[in-house]
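Asks: First the structure, which I've put down as structure tokens, then a few questions once you've had a look.
The values are calculated or read from the model by the stated rules, or taken from the named source; none is laboratory data. The model shown is predicted, which means the values in this text are computed figures rather than measured ones. Neighbour counts are summed over all protein chains in view; Cβ atoms, including those assigned to glycine, are modelled from backbone coordinates with ideal geometry.
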Amino acid sequence: MDKIRFFHVADLHLDSPFIGLKHLPKEVFERIHNSTFASFERVVKEAIHRQIDFMIISGDLFDEEDRSIRAQAKLLKQYNLLHSNNIPVYVVHGNHDHLGSYRLELDMPENIHIFNEDTEVKQVTTQSGEPVDIVGFSYGTRHIRNRRIEGFPKRSEDRYTIGILHGSEGSVHSSHETYAPFTVSELLEKNYHYWALGHIHERRILHENPFIVYPGNIQGRHRKETGMKGCYEVELDQHHTKLTFIPTHDMLWKTCTVSLKGVNRFGEVFQRIQQALEPLNEGDMLIEILLTDDDSLPRDMAGKIENGDLLEALQSDYERQQGVKWVHSIRWDRTQASRGIERDPFTQEVMATLNGMNEEEWEDALSELYEHPSIYRFLDPLGEDEKKSLIGETEHLLQNKG
């Protein structure tokens, strides 16, 4: 079998609403709002430039069940570009854009192959004549909790076989809900050449030879999705697999840690942050400031930082910046040790209750948010680090309640 090359792309989340960022200057918000589209345009441009054999999209092309006309029109434009360059696309829909959600009846070009709700095998012949089986299924509804791996047939010996699965691997710690669960050993039993995963928004290689891969999403959408985002170019031959990461993000989300060790004046805090921001030259970015080492900071200084004055001062500097370097939030690193302030009995009792909460109690406490019909789709389950941060913030507020 000769070499084949394809793109593995996942979790486009086109037209993400970027909740909570509409207070930004208009030009900054417009840039962010269009970033998912700009990122997919980069994916397509790279695919055409590299003249790949085909593209795989492993679910969640759209962010919401009710897909906007704007998002569908922009996606169709990119599909047509790929069609005019003879690049077929194999698509599964995931939990965010399942087949039961609202969509226009748009005429798709002939190069677009969408998987049905039942697991199916699409047979491909590349332009060089290599036969390939691509196996997958689309979500028929938002929630697929059952295991679907049993429906994937074993590999045909004389063909490349690639599996597409939008779901959750059992050992991967993630803030995403568990859908279509599987294990690495279950995938290996199928003897496929490559597994193109989707759903988890971080790049993760779960296994090599054969490669089992989450490429992550193509554009970060909030402060927890930091770092470079993109897709993989995959080269397969009989003996090895080569992965090349291709950055496609239009905007980079970044956390900038600033130590306040020895600081006791407001002006010094501002200068420390400015000094930390100056070396950042990784393109346009949205920045969260994470403050650490606040032992020397007077109590009244914390209030000035938390009431928004410091953030406003940093944002007013935006006009002087080249490109986009927008500070969207400031928070304390509350995973650090307490500042050594003795707790009163009430604080002690509250903190003991929070630290002793189990998973079921956390779910019960947050149930109204996660079950709210207008909010649930924007929330991911809390990870352990986020719980620790919430507990730390609570302690900080209680200690400074006077």
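Asks: Looking only at region 45-70, which residues are within 18 Å of the chain's Cα centre (by Cα) and not charged (D, E, K, R)?
Replies: Residues satisfying the conditions are Ile56, Ile57, Ser58, Gly59, Leu61, Phe62.
Asks: Also, I was wondering about something else. Condition (residue is basic (Lys, Arg), more than 18 Å from Val324 (Cβ to Cβ) and in contact with a helix residue (DSSP H, G or I) (Cβ under 6 Å, 6 or more places away or on another chain)) applied to region 65-80: is it met by at least one residue?
Replies: Yes: one or more hits.
Asks: I'd like the full set of residues that are more than 27 Å from the chain's Cα centre (by Cα) and either of a type in the set (Lys, Arg) or within 30 Å of Leu12 (Cβ to Cβ) (or both), limited to region 251-300.
Replies: Scanning region 251-300 gives Lys261, Arg265, Arg272, Arg299.
Asks: Which condition number does Lys242 fail, the rest of (1) within 29 Å of the chain's Cα centre (by Cα); (2) surrounded by fewer than 18 Cβ atoms within 10 Å (Cβ to Cβ); (3) assigned by TED's automatic domain parsing to the domain that holds Val9; (4) in contact (Cβ under 8 Å) with a residue 24 or more places away in the chain being met?
Replies: Every condition holds for Lys242 apart from (4).
Asks: Give region 86-116 a look and list any residue that's at pLDDT 85 or above and of a type in the set (A, V, I, L, M, F, W, C), or say none.
Replies: Ile87, Val89, Val91, Val92, Met108, Ile112, Ile114, Phe115
Asks: Something else now. Among the residues that make up region 225-233, is at least one of them touching a helix residue (DSSP H, G or I) at 6+ places or on another chain (Cβ under 7 Å), closer than 23 Å to Ser316 by Cα and modelled with pLDDT of 90 or more?
Replies: For region 225-233, residues touching a helix residue (DSSP H, G or I) at 6+ places or on another chain (Cβ under 7 Å), closer than 23 Å to Ser316 by Cα and modelled with pLDDT of 90 or more: absent.
Asks: On to the next question. From the list Trp195, Trp253, which residue is out of contact with any helix residue (DSSP H, G or I) (no Cβ under 8 Å at 6 or more places or on another chain) and among the aromatic types (Phe, Trp, Tyr)?
Replies: Trp253
Asks: Can I ask one more? Take the conditions under 19 Å from Glu150 (Cα atoms) and surrounded by 18 or more Cβ atoms within 10 Å (Cβ to Cβ) and apply them to Tyr232. Does it pass?
Replies: The answer is no for Tyr232.
Asks: Restricting attention to region 38-52, which residues are buried (at least 24 other Cβ atoms within 10 Å of the Cβ) and either closer than 17 Å to Glu235 by Cα or modelled with pLDDT under 95 (or both)?
Replies: Ala47 - this is the single residue of region 38-52 that is buried (at least 24 other Cβ atoms within 10 Å of the Cβ) and either closer than 17 Å to Glu235 by Cα or modelled with pLDDT under 95 (or both).
Asks: Can you give me the number of residues within region 123-148 that are at pLDDT 90 or above and buried (at least 18 other Cβ atoms within 10 Å of the Cβ)?
Replies: 11
Asks: Looking at the structure I just gave you, is Phe29 among the aromatic types (Phe, Trp, Tyr), surrounded by fewer than 17 Cβ atoms within 10 Å (Cβ to Cβ) and either at pLDDT below 95 or not in a helix (DSSP H, G or I) (or both)?
Replies: Yes; evaluated as a whole, the condition is true for this residue.
Asks: Residue check: is Leu99 part of a loop (DSSP other than H, G, I, E, B), in the same structural domain as Leu165 (by TED's automatic domain parsing) and within 24 Å of Lys45 (Cα to Cα)?
Replies: no
Asks: Moving to a separate point now. Listed residues Leu297, Leu286, Leu291, Leu280; which is outside the structural domain of Ile205 (by TED's automatic domain parsing), modelled with pLDDT under 85 and not in a helix (DSSP H, G or I)?
Replies: Leu297
Asks: Let me ask something else about it. Could you please tell me which pairs satisfy a Cβ distance under 9 Å, a separation of 6+ or placement on different chains, a first residue in region 58-81 that is loosely packed, with under 15 Cβ neighbours inside 10 Å, and a second residue that is of a type in the set (Lys, Arg)?
Replies: Asp66/Arg103
Asks: Looking for something of a type in the set (S, T, N, Q), without any contact (Cβ under 8 Å) to a residue 12 or more places away in the chain and not assigned by TED's automatic domain parsing to the domain that holds Glu278 - is there at least one such residue anywhere in region 194-209?
Replies: No, that holds for no residue.
Asks: Can you tell me how many residues in region 249-273 are in contact (Cβ under 8 Å) with a residue 24 or more places away in the chain and in a helix (DSSP H, G or I)?
Replies: Final tally of qualifying residues: 4.
Asks: Sticking with this one: Is at least one residue of region 190-202 within 22 Å of Ala38 (Cβ to Cβ) and part of a loop (DSSP other than H, G, I, E, B)?
Replies: yes
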